[in-house]
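Peer 1: Would you mind keeping the following structure in view while I ask a few things?
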Amino acid sequence: MEQPAISDYGFLSDCRSGALVGLDGSVDWWCPDRFDSPSVFARLLDPGAGHYRLAPVGVGGAGHRVERAYSPDTLVLRTVHHTPEGSVAVTDALAAAAGARGHDLGMESPAVLLRVVEGLTGRVRMALDFAPRPEHGLLTPYVHEQPDGGVLAAAGPAVLVLRAGGLRLRADRDRVHQEFEVAAGQTVGFDLAYAPAYGDPPARLDPVAGLNETIQAWEAFREVHPYSGRYPELVRASSTALTGLTYGRSGAVAAALTTSLPEQLGGQLNYDYRYSWLRDFSMTMRALWVAACPHEASRLFAWVTRSIGRIGDEPVPVLFGLQGERDISEHYCPHLDGYAGSQPVRIGNEAWKQRQLDVPGEIISSVWRLRDYLGQTFDEELREMVLGLTEQVACTWQLPDRGMWEARAVERHFVSSKVLCWVAMDRAVGLADRLGDRADPRRWAAVRDEIRATVLREGWNDEIGAFTASFGSTELDASALFLPVVHFLPATDPRMRATIAVVERELGTDEGLVRRFSHDPAGFVLCSFWLVECLVLTGEQQRAEALFEQVVGHANDLGLFSEQIDPAGRLHLGNFPQALSHIGLINAAWRITDPTQF
């Protein structure tokens, strides 16, 4: 089977889990219990790891053309297949709970995948291929026909029930393969419901009514989340994707929907991104504040406070599970070939064990941003968290760490980490009057100033003419573009102007993409949007707008971004869709709108 491009996929979400559906009508990824649970469809990572295709017979052949788009402000996807025999539309969604409106989206999602086929013109012969393989392809289920015309597939911890309105499905041992015709004006609905093996049975929904209810739920959510800045359509699309990556029950934002999509085809840099990163916290909060509303930001904040718990001597992990799990140890799936043969396939992420000195700065910066919303007097848990993180930074900032990009080699004194330590101390000083008697702003200010002096002395390289990746290094790192974003130095400072120019010249590409470092195989979308922000802050508004429009042109036809883009072949690489890429878009659009904010 030819591997579809990552950008060929559309993203469905019920704010509990997410699915990827290709241009060929195949759902090749779905972890139905929640984003970071085992999959039932994983053909994305191996041809035999499960899929669910619903498309015209001969899809992709001569005379076949595909158009698709989301229903506005939703993740309900309508794909129109034009064939020599006629045209047919397939509308796909992960169902919202009945009556879910506004902030209820994702709270009680029933774990049902809805697919509705509509005949538009002529008569089109459709093919249904249903081959679930639970636990990332380890299990082959029994598939049994049911009295109501549906089928039940059960193996291990998963039960799936597939039903089709007006069509009796036929089981073939471990799958369903069936063809049927759809004429103009005819509608056939399918509902695929998941449930754990030893709990309540799978839900049953009317597909057409369920689709309408889901569209209304998304539309109602967007109505309470207005955006009035530049590029409103792009920002709304990215904020919808960001909402789709939010685990509704906790408010945590998954870094991406997938695991192990490679940074380089055939390479080994394949990681599991289905968790929530604290390093991304302040950037995520900015984006939620701009494109969503304080409710989402405050829920995410409550999740962080609870996930961290009481702070001791051990460093705070850089990431957590979506319900605050700390231990998400990594293991391999040797039975999976990997996307385009890229191995290993990983479940879990060992970065949770790393020392990441930038984490406290991300969190305390977010407290500073929300200080007026949080009130003049912080509650005990919030106060203890800020005090604990601040003291931890004061004691540990001189240590090496793994850096923003989570190097799995030796620890170093990364400039970006030290700058976020400065951010932690600087914002803590500003919050001292809300932290009670144990606050020590005079000492914190002294530590802050020492960190700043150290970064300016050790992080700058005269030979390169820029801030570099780590102390004493000659290696450029696009994370230096983050310095003016967090107000460490103004973008107009001669050292920052020089750094921005060197990074753009040495790490930038003709396609407007910025690599993280010289040996990075592809442009990193977030870094490209950081450059947009830096250009705005240096007063180069027109260049910033041109670059922004060039970067957003790399999104797929549905406005979705992966983590990286190969500038040569314009291929999307890395996990998909990637929250940080969409966060970068939202924040850059608002920076263009109002350079004085943030």
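Peer 1: Scan (1) under 23 Å from Val503 (Cβ atoms); (2) part of a helix (DSSP H, G or I); (3) open to solvent by 50 Å² or more (accessible area, probe 1.4 Å); (4) not hydrophobic (A, V, I, L, M, F, W, C) for the single condition Asp449 breaks and write down its number.
Peer 2: (1) is the only condition that Asp449 fails.
Peer 1: A follow-up question, please. Go through (1) farther than 22 Å from Glu406 by Cα; (2) open to solvent by less than 20 Å² (accessible area, probe 1.4 Å); (3) in contact with a helix residue (DSSP H, G or I) (Cβ under 8 Å, 6 or more places away or on another chain) one by one and return the number of the condition Trp590 breaks.
Peer 2: (2) is the only condition that Trp590 fails.
Peer 1: Moving on. Answer yes or no as to whether Tyr332 is hydroxyl-bearing (Ser, Thr, Tyr), surrounded by fewer than 19 Cβ atoms within 10 Å (Cβ to Cβ) and over 15 Å from the mean Cα position of the chain (by Cα). Spell out how you get there, then give the answer.
Peer 2: Working: hydroxyl-bearing (Ser, Thr, Tyr): yes; surrounded by fewer than 19 Cβ atoms within 10 Å (Cβ to Cβ): yes; over 15 Å from the mean Cα position of the chain (by Cα): yes.
It is true that Tyr332 is hydroxyl-bearing (Ser, Thr, Tyr), surrounded by fewer than 19 Cβ atoms within 10 Å (Cβ to Cβ) and over 15 Å from the mean Cα position of the chain (by Cα).
Peer 1: Now, a different point. Do you know which residues across region 32-63 are assigned to a loop (DSSP other than H, G, I, E, B), over 23 Å from Leu242 (Cα atoms) and open to solvent by 40 Å² or more (accessible area, probe 1.4 Å)?
Peer 2: Once the filter is applied, which keeps residues that are assigned to a loop (DSSP other than H, G, I, E, B), over 23 Å from Leu242 (Cα atoms) and open to solvent by 40 Å² or more (accessible area, probe 1.4 Å), region 32-63 yields Pro47, Gly48, Val57, Gly58, Gly60, Ala62, Gly63.
Peer 1: Then there's this: Considering only region 567-576, I want to know if a residue exists there that is in a loop (DSSP other than H, G, I, E, B), farther than 24 Å from Glu406 by Cα and among the charged types (D, E, K, R).
Peer 2: Within region 567-576, the subset in a loop (DSSP other than H, G, I, E, B) is 567-571, 574-576.
Imposing the further condition that a residue be farther than 24 Å from Glu406 by Cα reduces the set to 568-570.
Subsequent filtering for residues that are among the charged types (D, E, K, R) retains 570.
There is at least one residue in region 567-576 that is in a loop (DSSP other than H, G, I, E, B), farther than 24 Å from Glu406 by Cα and among the charged types (D, E, K, R).
Peer 1: Being closer than 26 Å to Thr454 by Cβ, among the basic types (Lys, Arg), open to solvent by 10 Å² or more (accessible area, probe 1.4 Å) and in a helix (DSSP H, G or I) is the filter here, so list the residues in region 365-419 that pass it.
Peer 2: Within region 365-419, just Arg369 meets the criteria.
Peer 1: Could you tell me which of the residues Leu580, Leu558 is aliphatic (A, V, I, L, M), outside any loop (DSSP other than H, G, I, E, B) and open to solvent by 10 Å² or more (accessible area, probe 1.4 Å)? Before the answer, list the steps.
Peer 2: Working: Leu558 fails: outside any loop (DSSP other than H, G, I, E, B).
Sole residue among the options that is aliphatic (A, V, I, L, M), outside any loop (DSSP other than H, G, I, E, B) and open to solvent by 10 Å² or more (accessible area, probe 1.4 Å): Leu580.
Residue by residue, here is whether (1) open to solvent by less than 50 Å² (accessible area, probe 1.4 Å); (2) under 20 Å from Glu362 (Cα atoms); (3) assigned to a helix (DSSP H, G or I) holds:
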site	(1), (2), (3)
Pro226	no, no, no
Gly248	yes, no, no
Arg274	yes, yes, no
Met285	yes, yes, yes
Val290	yes, yes, yes
Ser298	yes, yes, yes
Arg306	no, yes, yes
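Peer 1: Further question: Is there a residue being in contact with a Lys or Arg (Cβ under 7 Å, 6 or more places away or on another chain) and among the basic types (Lys, Arg) anywhere in region 74-93?
Peer 2: Yes, region 74-93 contains a residue that is in contact with a Lys or Arg (Cβ under 7 Å, 6 or more places away or on another chain) and among the basic types (Lys, Arg).
Peer 1: Let me ask something additional. I'd like to verify a number: residues in region 479-499 that are crowded, with 18+ Cβ neighbours inside 10 Å, in a helix (DSSP H, G or I) and over 27 Å from the mean Cα position of the chain (by Cα), how many? Working first, answer last.
Peer 2: Here is the first cut: in region 479-499, the residues crowded, with 18+ Cβ neighbours inside 10 Å are 479-486, 488-489, 491, 496, 499.
With the extra rule that they be in a helix (DSSP H, G or I), the set shrinks to 479-485, 496, 499.
Add one more test, that the residue is over 27 Å from the mean Cα position of the chain (by Cα), and what stays is 496, 499.
Looking only at that region, the number is 2.
Peer 1: Among the numbered conditions (1) of a type in the set (Phe, Trp, Tyr); (2) closer than 27 Å to Thr284 by Cα; (3) in contact with a Phe, Trp or Tyr (Cβ under 6 Å, 6 or more places away or on another chain), tell me where Trp460 comes up short.
Peer 2: Unmet condition: (2).
Peer 1: Taking region 160-182, which residues are open to solvent by 20 Å² or more (accessible area, probe 1.4 Å), assigned to a strand (DSSP E or B) and in contact with a strand residue (DSSP E or B) (Cβ under 6 Å, 6 or more places away or on another chain)?
Peer 2: Result: Arg163, Arg175, His177, Gln178, Glu179, Glu181.
Peer 1: While we're looking at this one, here's another question. Just one of Glu504, Glu533 is in contact (Cβ under 8 Å) with a residue 24 or more places away in the chain, over 24 Å from the mean Cα position of the chain (by Cα) and assigned to a helix (DSSP H, G or I); which is it?
Peer 2: Glu504
Peer 1: Inside region 420-433, can you point out the residues that are surrounded by 24 or more Cβ atoms within 10 Å (Cβ to Cβ) and out of contact with any helix residue (DSSP H, G or I) (no Cβ under 6 Å at 6 or more places or on another chain)?
Peer 2: none
Peer 1: Give me the residue from region 540-555 that is assigned to a loop (DSSP other than H, G, I, E, B) and not hydrophobic (A, V, I, L, M, F, W, C) and, out of that set, surrounded by the most Cβ atoms within 10 Å (Cβ to Cβ).
Peer 2: Residues of region 540-555 assigned to a loop (DSSP other than H, G, I, E, B): 540, 553-555.
If we keep only those that are not hydrophobic (A, V, I, L, M, F, W, C) as well, we get 540, 553-554.
Numbers: Glu540: 16, Gly553: 10, His554: 20.
Restricting to residues being assigned to a loop (DSSP other than H, G, I, E, B) and not hydrophobic (A, V, I, L, M, F, W, C), the top hit is His554.
Peer 1: Also, quick follow-up: When the residues of region 183-210 are narrowed to those that are in a loop (DSSP other than H, G, I, E, B) and among the hydrophobic types (A, V, I, L, M, F, W, C), which ends up modelled with the highest pLDDT? Write out each step before concluding.
Peer 2: Residues of region 183-210 that are in a loop (DSSP other than H, G, I, E, B), as a first pass: 184-186, 197-206.
Next, from what is left, pick out any that are among the hydrophobic types (A, V, I, L, M, F, W, C): 184, 197, 203, 205.
On the way: Ala184: 98, Ala197: 94, Ala203: 92, Leu205: 95.
Once the filter is applied, the top-ranked residue is Ala184.
Peer 1: Still on this structure, I have one more. Looking only at region 329-342, how many residues end up being out of contact with any Pro (no Cβ under 8 Å at 6 or more places or on another chain), in a loop (DSSP other than H, G, I, E, B) and either under 21 Å from Leu573 (Cα atoms) or without any contact (Cβ under 8 Å) to a residue 60 or more places away in the chain (or both)?
Peer 2: As a first pass, look at region 329-342 and keep what is out of contact with any Pro (no Cβ under 8 Å at 6 or more places or on another chain): 329-331, 335-336, 341.
Restricting the remaining residues to those that are in a loop (DSSP other than H, G, I, E, B) gives 329-330, 335-336.
Now narrow it down to the ones that are either under 21 Å from Leu573 (Cα atoms) or without any contact (Cβ under 8 Å) to a residue 60 or more places away in the chain (or both): 329-330, 336.
Going through region 329-342 one residue at a time, the tally reaches 3.
Peer 1: A further question follows. Please work out which one of (1) free of Cβ contacts under 8 Å to residues at least 40 places away in the same chain; (2) under 30 Å from Val80 (Cα atoms) is the condition His572 fails and give its number.
Peer 2: (1)
The values are calculated or read from the model by the stated rules, or taken from the named source; none is laboratory data. Values in this document were obtained by computation on a predicted structure and should not be read as measured data. When we count neighbours, we look across all protein chains shown, and the Cβ atoms used for this are built from the backbone with ideal geometry, even at glycine. For the accessible areas, the whole protein counts, side chains as well, though only heavy atoms, and no ligand, DNA or RNA atoms are used. Shrake-Rupley method; radii C 1.70, N 1.55, O 1.52, S 1.80 Å.
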